[in-house]
Each structure stands twice: as C-alpha cells, then as structure tokens.
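J.: First the structure, then my questions, so here it is.
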Amino acid sequence: MSIWTCLGRRGLPLVLAAALAGGGCATNSVYNPVTGRTEISTVSEAELLQQAAEAREALIDEHGLYMHPEVQAYVTEIGLKVARLSHKPDLNWSFTILDTEIINAFALPGAQVFLTRGMLALLQNEAELAAVLGHEIAHVTARHGAYRANEAAFASVGVTAAISVGQFLERTGLRGAAQRMKRLGLSLAAGMIATYNREQELEADRIGADYLARAGYDAREMVGVLQMLQMAERFHADRAGEQKREAPGSDWLSSHPGTDQRLREAERFTAMVRHTASDGRQRYLRRIEGVVWGDSPEKGLVRDRLFVHPRSGYAITPPADWEVDVEGSAVAMHTPQGDATLTVRLLPKLAGKTHVEVIQNLLAPTEGRSSTRRVGAFTATHFIGSRMRGDVRQPLRSTIVTGPGQRFYLIDYTARDDAALQRALAAMQEAEQTFRAITAADRRAARVWRVGSVPMPPGGFAALAKASPLQEDAEITLRLINGVYGLSSPEAEPAVGAVVKTVR
Ligand SMILES: [Zn+2]
C-alpha cells in the first residue's frame, strides 16, 4: 500500500491557474512567491487543466467517489479553512474523497485535492486532517508540479483506456489479477504520475505546517501525521512479511523520501512555531462516525466464502481457501498458490451489444472458438483461444454472461501456465456456476463495516477486537487506527473508558 504517495495523476503539474494568465504559448516563465523560485513550464494552462480533468475522471473511474455527504462537507470545510489561509486563497479549491481503503492523499492541477476514506479512518483528529490537506495545498501553492509539465504532456496517453480495459485483460503472468491490477495501478502511477522529489516533500511538510498554524492548529500535528503514516507503513510491511509477500507499494516506497527523515525534519521546524491546544479530536471522531471500513458496497464485499457486488447486482461463491481481492470494479479469486485467477466484472455497455462483439472488442483474439453454455440461470458464451502480442502468444479463456439486469458480465480465467490452469479449472468452473443475482441471504451476509468510536472496554484492544466484525488481524488493525500499533510502553495504551475508534 503506498502511503501518502502524494501522487497526482499525470505528473502533477498542479495549478497554474492563478499565475499563468492566458495560455496557449509554448513556454511560460513564472516567479513563485511561495518558494522564491522562477519556474519554467512548457505546458499551457489550458492543456494542464484539460489533463487534470481527464485525470480526475480516470481516478474516479478507478476508485469511485466516496458518497457520504456529511463527511464530504466536513473535509471540504477543513480544506477550505486551510486553503483560504494559504498563499493562494482564491484558487478554485476542491477536496474530494475517493472510495478506497488505500491510505493516500494527493493533489492535481486545478487545485484539486484528493484523499481516501482509508486516510480518514487512520487519522486521529481534525488537526491531522488539516495537516494532510495542508501538505497537499502546499504542493499546489509551491507549484511543485510545474517542473513536471513536460512529463505530464508526455504521459497523456490513454490513461482511461488503460485503466478500464487493461486492468483485466493484461496477462503478464504475475500473481493473480487483483495483484496485477494493484501493480498496474502502481505502474501507471510510475509512468503517468511523477512523484515529488525529496526536497519538495520536505518543503510541503514545512509550508503545510505553517498553514496548519495559521488555521489555529498546533503545527506539531504535522509530526503526528508523519508518525501515523510511518506506523501504517510498518503495519503493512509487517503483515506483508508474515505472509511472505512483497509489501504492496514497496517499490514505490523505496524510491520515496523516507518518512523517517521527513519526521526528523518536521520535528525540527515545528519546534520553532506557535503551538495551540485543541486538536479537534472529539469533533473529528463525531464527523467520521460511520465511514465505511474495508470493502465498500459500491465495489463489492468479501465475507467468508462469499462475494457480493450490490451495485452490479450479483453474488458468487469463491472456491474454498482461495484468496479474494476486490479492486476497481472487478473481483479476483486466486488459488492459494497464486498461480491461477478467476476474475468477474460487470462490463460497460460500450463493451459490445452481443457476446461475440464483446469477445472481439475486449479479448481481441487471434484465433479461438466459442460455445454457448448456461451459467446458473443465465445464458452465456464461453470462449477459448489466444491472441498474439508481438511474438508472445497469450492464451484466452473467458465466459461472457447475460446476467442480472440483462447486462453483460465477464468471467475471466487466467493462469501462470497451462498446468496451473488445468489444476484450477474444475474449481473455477464450479465457482462460475455459483454466479447469481443477489439473494436475501447474500444481502444479510454482506453487511457493511464502519468506523465508529466507543469507550475502551476493560479488556482493552483484545475485547474491542472481539466485539468487532473484523476477522483477520482485528486487534492490530484496531491498534493501528488508534495510533498505537507497535508501541510497547503501557502508557501508550488508551485507558479504560477513553474514547477510541473501532470497526463495527
Ligand atoms: Zn507530498
């Protein structure tokens, strides 16, 4: 999981709206009063804003908007409070919550700041929220993206297409489709989105802390946020280590300025600024009450041996002991060995009007054959074939189902090699046959989990974990969202009766 990557799609050229009058010229030289530097940009404001609009669409396509009007209003309120006190109060600031548990925040051109509901669940108080937003606002006002305008122009190659089609059709032979999708997300990030350099991150921490103080929060909360992020990094690294997997996002983290160093720097410069008392913790906990935790009903929920996608109207029973991942609008079921994957996805209408059209449009086979079959109560077409990509022959095996709502669903079979496919095939076909319209029982089993707050029970985190629906790693997860993961001293533990976050 990439933590606070500060990625913006398309190389983050951030905002030029205020500084660049006009547009359309090839080179702009602009003095930036926030940093005292003169910057050169080779992309016009109009181009930049156009890219930003496309990038926004791609992001929302990939993650979805988090539809929670009260929480959204709160984030906007705090964001505007900080932005109005920044060096560029008059930009057309927007603050958007993405529907993903990934912990992240970033800015896009046009003064668009994004953060995830995963980030909201992690933060401890309003001041930390203001710190995260302040950091992103600082990237905008300091125009850190301006240096990357060239790369941004270079990168504007069909991101949306890559996201909506490539995700489930690229057969790179890596572990599982969802893993692949996550990787694709990251590699898209690497290709399309330039990360900031170390100096820019440190500068955003510093300017952000200044904004924080201007808005009446303790500037040291910037340190608190960095500590939280460091804790989350450790949490994910530890868990990845246990599962003998590569830490998600570790390739990104390795090329990113260390949180350690940012922390030391932040401690140094916030020691010199004004401190105030209230961190707005109570208000924060009240406002984020009910934020979705983990899987969302929009993208589908994994519960025991069940996957339910309320929005797409279907449920499926994954094979026993297979790993189930939700990413984007697809669900991917992997063998325990991770060598074969069954993916299900509702297709957009533009995928085709008939099963044959869908096969041509999406699979683009070089050769193969189709046969009709029944999938549960639905009619379907099964396709087995291959396509050439350069010199490489890629096997194809998919079922297109006319499912709930008369819409088309793609059930895609992927495997590392033919032997792996043969080993997994029976289980995949059996799972395919459980594809169904959501039943009342599915609906009951797929209750949504939410962040809440309660007084710490006498049994501490163990008791809290027992009362929560979390299944895996419940106790350490609750420690993480309460900011005490990996802390050994007993003083760090919240006292019995203290208000703590939980998942319910
Ligand atoms: Zn940053």
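J.: Could you count how many residues in segment 214-224 are in a helix (DSSP H, G or I) and in contact with a His (Cβ under 8 Å, 6 or more places away or on another chain)? Steps first, please.
T.: Step one: of segment 214-224, the residues in a helix (DSSP H, G or I) are 214, 221-224.
Cutting the leftovers down to in contact with a His (Cβ under 8 Å, 6 or more places away or on another chain) gives us 222.
So the answer is 1.
J.: While we're looking at this one, here's another question. Taking into account only those residues within segment 129-151 that are away from the ligand (no atom under 15 Å from the Cβ) and open to solvent by 10 Å² or more (accessible area, probe 1.4 Å), which is modelled with the highest pLDDT?
T.: Per the criteria, the residue is GLU151.
Conditions tested, residue by residue: (1) at positive phi; (2) out of contact with any Ser or Thr (no Cβ under 8 Å at 6 or more places or on another chain); (3) of a type in the set (A, V, I, L, M); (4) modelled with pLDDT under 90.
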residue	(1), (2), (3), (4)
GLY338	yes, yes, no, yes
THR341	no, no, no, no
VAL356	no, no, yes, no
LEU363	no, no, yes, yes
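J.: Can you find a residue that is in a loop (DSSP other than H, G, I, E, B), of a type in the set (A, V, I, L, M, F, W, C) and touching a residue at least 40 places away in the same chain (Cβ under 8 Å) anywhere in segment 374-388?
T.: Step one: list which residues in segment 374-388 are in a loop (DSSP other than H, G, I, E, B), which gives 376-377.
Still in the running and of a type in the set (A, V, I, L, M, F, W, C): 377.
Applying the additional criterion that residues be touching a residue at least 40 places away in the same chain (Cβ under 8 Å) yields 377.
Within segment 374-388, one or more residues are in a loop (DSSP other than H, G, I, E, B), of a type in the set (A, V, I, L, M, F, W, C) and touching a residue at least 40 places away in the same chain (Cβ under 8 Å).
J.: Name every residue in segment 315-327 that is farther than 9 Å from VAL302 by Cβ and in contact with a strand residue (DSSP E or B) (Cβ under 8 Å, 6 or more places away or on another chain), in order of residue number.
T.: Step one: list which residues in segment 315-327 are farther than 9 Å from VAL302 by Cβ, which gives 315-317, 319-323, 327.
Result: ALA315, ILE316, THR317, PRO319, TRP322, GLU323.
J.: Now for a separate question. Do you know which residues across segment 375-401 are among the aliphatic types (A, V, I, L, M) and over 18 Å from THR343 (Cα atoms)?
T.: Narrowing segment 375-401 to residues among the aliphatic types (A, V, I, L, M): 375, 377, 380, 384, 388, 392, 396, 400-401.
Passing the criteria: ALA377, MET388, VAL392.
J.: Considering only segment 204-223, state which residues are within 16 Å of the ligand (Cβ to nearest atom) and open to solvent by less than 30 Å² (accessible area, probe 1.4 Å).
T.: Once the filter is applied, which keeps residues that are within 16 Å of the ligand (Cβ to nearest atom) and open to solvent by less than 30 Å² (accessible area, probe 1.4 Å), segment 204-223 yields ALA204, ASP205, ILE207, GLY208, ALA209, TYR211, LEU212, MET222, VAL223.
J.: For segment 389-417, which residues satisfy the criterion of being within 12 Å of PHE435 (Cβ to Cβ) and without any contact (Cβ under 8 Å) to a residue 40 or more places away in the chain?
T.: Initial filter on segment 389-417 (within 12 Å of PHE435 (Cβ to Cβ)): 399-404, 409-411.
Listed by number, the residues that qualify are THR399, VAL401.
J.: Select from segment 313-346 the residues that are polar (S, T, N, Q), part of a loop (DSSP other than H, G, I, E, B) and over 20 Å from the mean Cα position of the chain (by Cα) and write down the one among them that is farthest from LEU98 (Cα to Cα). Give the derivation first.
T.: Start the filter on segment 313-346 by keeping residues that are polar (S, T, N, Q), which leaves 317, 329, 335, 337, 341, 343.
Filter again for part of a loop (DSSP other than H, G, I, E, B), leaving 317, 329, 335, 337.
With over 20 Å from the mean Cα position of the chain (by Cα) added as a condition, the list becomes 317, 335, 337.
Details: THR317: 28, THR335: 30, GLN337: 32 Å.
Filtering segment 313-346 for residues that are polar (S, T, N, Q), part of a loop (DSSP other than H, G, I, E, B) and over 20 Å from the mean Cα position of the chain (by Cα), the one farthest from LEU98 (Cα to Cα) comes out as GLN337.
The values are calculated or read from the model by the stated rules, or taken from the named source; none is laboratory data. Since the model is a prediction, treat every value here as computed from it, not as a measurement. All Cβ positions, even for glycine, are placed from backbone atoms using ideal geometry, and neighbour counts span all protein chains on display. Note: areas computed on protein heavy atoms with side chains; ligands, DNA, RNA excluded. Shrake-Rupley method; radii C 1.70, N 1.55, O 1.52, S 1.80 Å.
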